[in-house]
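*Asks:* First the structure, then my questions, so here it is.
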Amino acid sequence: MTLFDYVADRWDRLALQSWLHVSEVVQSTLLAAVIGVLIGVAVYRSPVGSAVATGLASTILTIPSFALLGLLIPVFGLGPTPAVVALVLYALLPITRNTIVGLAGVDPAVTDAAKGIGMGRFSVLTRVELRLAWPAILAGMRVATQMLMGIAVIAAYAKGPGLGGEVFSGLTRAGSANATNQALAGTLGVVILALLLEGVYFLIARFTVSRGIRG
Amino acid sequence: MADKGEPAVTPESTDAAVSGVEIQLEGVTKRYPGSAEPAVNDVTMTIPAGQLVVLVGPSGCGKTTTMRMINRLIEPTSGRITIGGEDALELDDVRLRRKIGYAIQQAGLFPHFTVAQNIAVVPGLLGWNKKRIAERVDELMDLVGLDVAQFRDRYPRQLSGGQQQRVGVARALAADPPVLLMDEPFGAVDPITRGNLQDELLRLQADLGKTIVFVTHDFDEAVKLGDRIAVLGEASTIQQYDTPEAILANPANDMVAGFVGAGASLKQLTLLRVRDVDYPDLALTADAGESPSELRTRMARAGATYALLVDRRRRPQRWVHVRNLSSATSLANIGRSVGDTVSTQSTLQDALEAILAEGGRAVVTGTRGEYVGMIDIETVTGVLAQLREEHEAAGTDGAGDTGDGAGGRAAAGDGVGPAGGAGAAADPGAGAS
Ligand SMILES: Nc1ncnc2c1ncn2[C@@H]1O[C@H](COP(=O)(O)OP(=O)(O)O)[C@@H](O)[C@H]1O
Ligand SMILES: [Mg+2]
């Protein structure tokens, strides 16, 4: 059976797994974005706070994904929860770091003017600083998403949803019928989905980044 | 010679509607945490309603700190600030700032907002409705000289530095605040653009009559713009607070003198216009139709060696020496043409330039280019001497014409100089130069 035939034959299941894969990654990225931006907002004014937050997030990233999952399974059991927790933790670094860099990079003259003409603290943050840091934050989310697409495959080890199951089962059945096709289909699926998400990020940037600050 | 607490009246501000309010600083001090010396030490000054007051002083002397305490971007350590009689320190700081225009050196425009959106921020914060905001934006762009159709939807990065500053000023004026704070707003643009922006600020101010606190380290800019100048020393201590004329004529101390720098007299000349001084009607004029012999008789009677030929509208054409007349059959085509002339609108500095170029005296022309008199070097030096005398006596009255602005304050009540009267009175269009 060719790969093509295999995909045609298992289309329904692959489509469902693809959908679950993307959904898991996107949800984890969004959750990490909320947490990462909050952390970034909390620390960006303090160089020490910024260094600590970035350092902690980097440390998480150095933990091998298998090890992290192994640590999380006893806490959350098998299934989507440990997978999502791991993905969120990994996504924190690029998002938090980019939020801090983006906010710290806002021209002080602009925030000074914003305050000077009578914007309140919250307005300055939401209408000026975060809007100006948004391209950086979005770039952080994009990197996080790309990273998570791969890590989500590994998360199938904790019985998380997605294409990881295909890859794993294909690899463990190496030699038997369609084992290669299964692993390949899973891997190619991840690559294609990752490219599709790149396209989505491009469109989001196009519609949410002001023309005045678009690169 | 510090704050003399004079009443807030100047002759110039009477023709503009004063929409500004008085600002008072009383014993204002700012001590930054962690520094032993105060950045601003016990400053007391009154900024009269409707006047443009310049805070000038060397870098780091505390000008910015002083200014930012007025809108409480910096909280004073001690002292009292009142704006229009209201205690600024009692008000909610964010609301206070919406009533105080704020423009800074780098303009600080919101890069993600269009020009129109930038200008609309404060009206938006104040809850104006969309239609009113849109009208106000158009009005302001007009006011600061930006074409609405062309610039409305541009982003700041699509503007030159000068245009950005214009938007910055428009944004500061958007909600028509009585008070405007400007921190070196023209410090980062090229000299020609800076000159234009200064002229336009003066023009605006002549119409608006805001109370403006303008910070600069450039004394020439202070002289050009200020109704009054506060020369600040270390920790914002006021070295002299007076009209530009008074400071130029009589610096209070060595620090001020050093700041005024070389060429104080020349700077004074930029503050005065030819129409402000007495220039004599010395020249003997003749028109080309007169016969040479007739003119010679007149010149002999007047003891003049030169006559000024004027055209039918009395515009100066040529100088004729009495020698040229004996052989001439007509006044057409004889003599040498008149070089540089000065108008009654010219500054005395321009006049001096023309006088030097013409070898001692220059022809003064009225608003339509007609001959009205002559100005010579003695007139100029006499004016300087008189100014110095006036200001040396302690009673400087601040009543001098500080106007150097393009049009603005200068446009009002422009007539013909004291020695004039040559035909100008009959022209209803005079003054519309
Ligand atoms: N935020 C701050 N913290 C500590 N010191 C400051 C701060 N801002 C200004 N200063 C100090 O206060 C003094 C006056 O500064 P500033 O008002 O900016 O002067 P100017 O505007 O006349 O150049 C300087 O010595 C400066 O170093
Ligand atoms: Mg400053």
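The values are calculated or read from the model by the stated rules, or taken from the named source; none is laboratory data. From a predicted model like this one, the values you see are computed outputs, not experimental measurements. A quick note on method: Cβ atoms are made from the backbone with ideal geometry, for glycine too, and the neighbour counts reach across all protein chains shown.
*Asks:* For region B:223-251, enumerate the residues that are part of a helix (DSSP H, G or I) and within 13 Å of ligand 1 (Cβ to nearest atom).
*Replies:* Scanning region B:223-251 gives B:Glu234, B:Ala235, B:Ser236.
*Asks:* For region A:122-134, name all the residues that are closer than 15 Å to A:Ile213 by Cβ and within 10 Å of chain B (Cβ to nearest Cβ).
*Replies:* Within region A:122-134, A:Arg127, A:Val128, A:Arg131, A:Leu132, A:Trp134 meet the criteria.
*Asks:* Now, a different point. Which residue pairs have Cβ atoms under 7 Å apart, sit 6 or more places apart or on different chains, and have a first residue in region B:170-196 that is touching a residue at least 60 places away in the same chain (Cβ under 8 Å) and a second that is of a type in the set (Ser, Thr, Tyr) and more than 16 Å from ligand 1 (Cβ to nearest atom)?
*Replies:* So the pair list comes out as B:Pro178/B:Ser19; B:Pro178/B:Thr211; B:Val179/B:Thr211.
*Asks:* Which one is farthest from the other protein chains (Cβ to nearest Cβ), of the residues in region B:31-50 that are within 16 Å of ligand 2 (Cβ to nearest atom) and closer than 17 Å to B:Val215 by Cα?
*Replies:* Of everything passing the filter in region B:31-50, B:Val43 is farthest from the other protein chains (Cβ to nearest Cβ).
*Asks:* Yes or no: B:Asp190 more than 16 Å from B:Gln105 (Cα to Cα) and away from ligand 1 (no atom under 16 Å from the Cβ)?
*Replies:* In short, no.
*Asks:* Got at least one residue in region B:51-71 being more than 21 Å from the chain's Cα centre (by Cα), more than 16 Å from ligand 2 (Cβ to nearest atom) and within 14 Å of chain A (Cβ to nearest Cβ)?
*Replies:* Looking for residues that are more than 21 Å from the chain's Cα centre (by Cα), more than 16 Å from ligand 2 (Cβ to nearest atom) and within 14 Å of chain A (Cβ to nearest Cβ), one finds none in region B:51-71, hence no.
*Asks:* List pairs: first in region B:250-272 and farther than 20 Å from B:Gln349 by Cβ and in contact (Cβ under 8 Å) with a residue 60 or more places away in the chain, second crowded, with 21+ Cβ neighbours inside 10 Å and charged (D, E, K, R), Cβ under 7 Å, 6+ apart or cross-chain?
*Replies:* The qualifying pairs do not exist here.
*Asks:* Hey, could you check region B:252-271 for residues that are part of a helix (DSSP H, G or I) and more than 16 Å from B:Asp242 (Cβ to Cβ) and say which is modelled with the lowest pLDDT?
*Replies:* Filtering first and then ranking leaves B:Ser265.
*Asks:* Answer yes or no: is there a residue in region A:194-213 that is farther than 30 Å from A:Pro108 by Cα, more than 14 Å from chain B (Cβ to nearest Cβ) and among the charged types (D, E, K, R).
*Replies:* Yes, region A:194-213 contains at least one residue that is farther than 30 Å from A:Pro108 by Cα, more than 14 Å from chain B (Cβ to nearest Cβ) and among the charged types (D, E, K, R).
*Asks:* Next question. Quick check on region A:91-121: of everything there that is more than 10 Å from chain B (Cβ to nearest Cβ) and surrounded by fewer than 23 Cβ atoms within 10 Å (Cβ to Cβ), which residue is nearest to A:Ala51 (Cα to Cα)?
*Replies:* A:Arg97
*Asks:* Tally the residues that are assigned to a loop (DSSP other than H, G, I, E, B) and within 14 Å of ligand 1 (Cβ to nearest atom), restricting the search to region B:33-70.
*Replies:* Within region B:33-70, residues that are assigned to a loop (DSSP other than H, G, I, E, B) and within 14 Å of ligand 1 (Cβ to nearest atom) number 13.
*Asks:* Check B:Glu139 against each of (1) more than 26 Å from B:Leu202 (Cβ to Cβ); (2) more than 12 Å from chain A (Cβ to nearest Cβ) and name the one condition it does not meet.
*Replies:* Of (1) more than 26 Å from B:Leu202 (Cβ to Cβ); (2) more than 12 Å from chain A (Cβ to nearest Cβ), only one is false for B:Glu139: (1).
*Asks:* For region B:315-334, give me the residue count where each residue is over 9 Å from B:Pro292 (Cα atoms) and in a loop (DSSP other than H, G, I, E, B).
*Replies:* 4
*Asks:* Something else: Among the residues of region B:213-220, are any within 16 Å of ligand 1 (Cβ to nearest atom), within 29 Å of B:Leu352 (Cβ to Cβ), away from chain A (no Cβ under 14 Å) and of a type in the set (Asp, Glu)?
*Replies:* The answer is yes, given that some residue of region B:213-220 is within 16 Å of ligand 1 (Cβ to nearest atom), within 29 Å of B:Leu352 (Cβ to Cβ), away from chain A (no Cβ under 14 Å) and of a type in the set (Asp, Glu).
*Asks:* Can you name the number of the only condition in (1) surrounded by 13 or more Cβ atoms within 10 Å (Cβ to Cβ); (2) assigned to a helix (DSSP H, G or I) that A:Ser210 fails?
*Replies:* (2)
*Asks:* Considering only region B:72-87, how many residues are away from ligand 2 (no atom under 16 Å from the Cβ) and within 18 Å of A:Met119 (Cβ to Cβ)?
*Replies:* Total meeting the criteria: 2.
*Asks:* Let me ask another. Check whether at least one residue in region B:221-231 is surrounded by fewer than 19 Cβ atoms within 10 Å (Cβ to Cβ) and modelled with pLDDT of 85 or more, and report yes or no.
*Replies:* Looking through region B:221-231, none of the residues is surrounded by fewer than 19 Cβ atoms within 10 Å (Cβ to Cβ) and modelled with pLDDT of 85 or more.
*Asks:* Taking A:Arg45 as meeting all but one of (1) part of a helix (DSSP H, G or I); (2) more than 11 Å from chain B (Cβ to nearest Cβ), write down the number of the exception.
*Replies:* (1)
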